């Protein structure tokens, strides 16, 4: 009951505008699915766009949400004196934003499967493992956002790094594709292509490294004095 | 306005995260673009010994990804006053709202552009020494002032004003998507503002004012038989926004960037007036 | 809940000594903490609330050592805290904000939360505005929301930092009375630079100056710091150079000054009865 109440308050606290982006992405997919071909986009192109939205758009939303967690809380001083640890509150907030984004990603996936677009997606796996197409990069960028937010204590700086990494992996995808080691870490291996037998190892590597990034963030998030100090601005 | 400029400049340039984030991202760029950055030549046949071309390539490399860092670091500056509750105090000062906005805009943009400029001019100095081309420094200034500064003025206005009009988090997402879609996506791929007169990352000044020509003809440019240029892209939408490059169009692009910056700032001011009333 | 502070030191990065070997014993009841800006009050309060870790020294609250996680959590479960700058979530209404804080304070029963929130909204006179979003609240109203949240969980230790800033005189009096009523079995630590608030509510108090304890004792003892040192003088001319002016009121064609000085600052100066503010200022003058 208490937990439900807290989740509900966290959703209200985030505000409707902050929760708007993931459903907007769903609408964009619906629009492309419905009208893409009629607008003159070739089938292959539309399929590629749909995968781009799923594999790159969803992680960007979650990553920026994670990067914005620290540094913008107006009631941080009060929060840090409450017996429920602030770390738990931050993770709940992250859960609201990332959970909502993941839910929207699931809706997009279901829509693509039902309409048959999923079969046309380049390099996409089928079945449950196929969901790693968005889940792995989403969790990786979220963990990165969390770590840089905790380390730098500045939402502006953390979002700058997350945005940079996102853009970097998009613009220089070929660098990742050319190097067998880097291929394992490429967030957008589905969109930009990889050898079929390397796709799953890539997804699992992302999940494992996301775990490492989150583990590095954990002690930083628990340091009240650090969090209270905030960014020197 | 000068006092606001000075204050905002110092406040921003003293932020340790400004230097940390720029340092990290710049290091990644240098490591990634190892060869092209060392030689300042992108693509086969670019004459790296020509200082103008080298300085244009150097600016291009930085303009690809660093504006994202620049914009994100600016995005919390206007809303910060509201968060810290100092708007009332500032309102009580004799400086007018518009002067304060301009001072804040110029001060924070200038400070946030300092690491950018250091990276750029640092490379120019290194080039001038290693190539024995002191004229590169003059070209670096000319290229920076005519291509980078107008672009950063527009991006800065956008990044400052955006979070006033929508939640900062939503703005950050839209800003990244805008930079990717509106500046980096190849125009033939989808309708985009990239390479258009509205794009801060377009090369109108490089082609129009500095006579930049990649040695090999770009494959997707609609060209006249005897020369190639920058402008309409074959099979791309929105080509009416891509006039053929020339001196007049280069100057027009600079003007468009400045007008866009002023328009965005005016929007921010109007929004503030509406909120105040 | 007794607070025992021994040789407490807090040095921030950059070598700023906010607290320097502080020894203080705060018994149950109302206790005032006075000091100028930068004296170390907020640092002390933040250490007591578990926000900052001491550089050295010990703090025991109700027998719990706050240096340990278990001790800190035990204190935070019985703590009501009102920070100097309380930020709120603008998209929540006052009732939602209080409900959120109550949940985080561990009040699981919905009925209890509703009852307490209703009670404290009444106490701070916000019942009419309870369902308005906080983004539309004035500074004084937000302060009252802050007071209500601090009281929600029936705290045994209540720490309030500059609680009456932004309140109108009527609200201030009401809040001071409330604090005094709450004190009974609780420890209420009132940190402020408004001497009047301490004078009206506390019997015991401490004064901090430059991170050290400048005074500890009862209100009467602090007042006596200014015995035979307070003067009034009505003059058409400027204030005398000797002594510190604590008040200047226009009177007729001249000014009536209230001054603190070891000896009469002017032949026409008359001795006056000291107040707590005079005592505080005299103490600060002595330490200068």
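Remark: mean inter-chain Cβ contacts per residue of C:41-50 equal 2, using a 10 Å Cβ-Cβ cutoff to other protein chain atoms. On the beta carbon distance between residue A:52 and residue A:106, with R0 = 22 Å, the FRET formula returns roughly 0.80. Computed from Cα atoms, the angle from the helix B:97-131 axis to the main principal axis of chain B rounds to 30 degrees.
The equivalent ellipsoid of chain A has semi-axes of 33, 21, 15 Å, largest first, where each one is the square root of 5 times an eigenvalue of the Cα gyration tensor. Per-residue shielding of C:86-95, expressed as the average number of other chain Cβ atoms within 10 Å of the residue Cβ, stands at 4. Going by neighbour counts of Cβ atoms within 10 Å, the residues A:11, A:181 line up, fewest first, as A:181, A:11. With bins 10 Å wide beginning at 0, the percent of Cα pairs of the protein assembly as shown falling in each bin runs 2, 11, 19, 21, 18, 12, 9, 5, 2, 0, 0.
Note on chain B: Rg/Rh from Cα positions, Kirkwood definition for Rh, rounded to two decimals, is 0.99. Each part gets one Cα centre, and for segment B:3-20 versus segment C:42-71 those centres are 35 Å apart. For the residues C:147, C:101, C:159, a GNM of chain C with alpha-carbon springs under 10 Å puts the largest fluctuation on C:101.
With r as the distance between the Cβ atoms of residue C:232 and residue B:165 and R0 = 41 Å, compute the FRET efficiency 1/(1 + (r/R0)^6) and round to 0.05. With a Förster radius of 41 Å, E is 0.10. Ordering C:246-255, C:275-284 by mean Cβ neighbour count within 10 Å, with the highest value first, yields C:275-284, C:246-255. A straight line joining the Cα centroids of segment B:104-120 and segment A:1-51 runs 35 Å. Counting beta carbons within 10 Å around each of A:174, C:17, B:97 and listing the fewest first gives the order A:174, B:97, C:17. For chain B, the longest principal axis of the C-alpha atoms and the axis of helix B:16-32 are separated by about 10°.
Rounded to the nearest 10 degrees, the inclination of helix C:110-123 to the longest alpha-carbon principal axis of chain C is 20 degrees. Taking other C-beta atoms within 10 Å as the exposure proxy, B:177, C:88 rank B:177, C:88 from fewest upward. Among A:185, A:164, A:49, the residue with the largest mean-square fluctuation in a Gaussian network model of chain A, with springs joining Cα atoms closer than 10 Å, is A:164.
Considering all different alpha carbon pairs of chain C, the Kirkwood hydrodynamic radius works out to 20.6 Å. A straight chain from residue B:271 to residue B:48 at 0.36 nm per residue would run longer than the Cα-Cα distance by 75.5 nm.
When the helices of chain B are scored as -39500 (n - 2.57) per DSSP H run of n ≥ 4 and the total is divided over every residue, the value at 222 nm lands at -21500 deg cm²/dmol.
Based on the mean of other beta carbon atoms within 10 Å per residue, what is the order of C:148-154, A:31-37, A:132-138, most packed first? If you can, show how the numbers build up before the last one.
Details: C:148-154: 21.7, A:31-37: 14.6, A:132-138: 25.7.
Descending mean neighbour count gives A:132-138, C:148-154, A:31-37.
Note on segment A:127-146 and segment A:203-227: Cα centroid distance 15 Å, given to the nearest whole angstrom. Model label sites at residue C:173 and residue B:247, defined 7 Å from Cα along the beta-carbon direction, differ in position by 8.1 nm.
Shape analysis of segment A:153-233 based on the Cα gyration tensor places the equivalent ellipsoid semi-axes at 31, 16, 7 Å, largest first.
In terms of the mean number of neighbouring beta-carbon atoms within 10 Å, the peptides A:208-218, A:60-70, A:146-156, B:56-66 order highest first as A:60-70, A:146-156, B:56-66, A:208-218.
How many partner chain Cβ atoms sit within 10 Å of a residue's Cβ in peptide B:178-184, on average, as a whole number? Walk me through the numbers on the way to the answer.
Values: counts 0, 2, 7, 0, 0, 0, 3.
Going residue by residue through B:178-184 and averaging, the value is 2.
With chain C treated as a Gaussian network of Cα nodes joined by springs under 10 Å, which of C:103, C:213, C:182 yields the largest mean-square fluctuation? It is C:103. Adding -39500 (n - 2.57) for every DSSP H run of four residues or longer, then dividing by how many residues chain A holds, sets the calculated 222 nm ellipticity at -22500 deg cm²/dmol. Here the sum of -39500 (n - 2.57) over DSSP H runs of 4 or more residues, divided by the residues of chain C, equals -9500 deg cm²/dmol at 222 nm, to the nearest 500.
Readers should treat all values here as calculations from the given coordinates under stated rules, not as data from a laboratory. What you see is a predicted model, and the numbers here were worked out from it, not measured in a lab. Backbone-built Cβ (ideal geometry, glycine too); neighbour counts: all protein chains shown.
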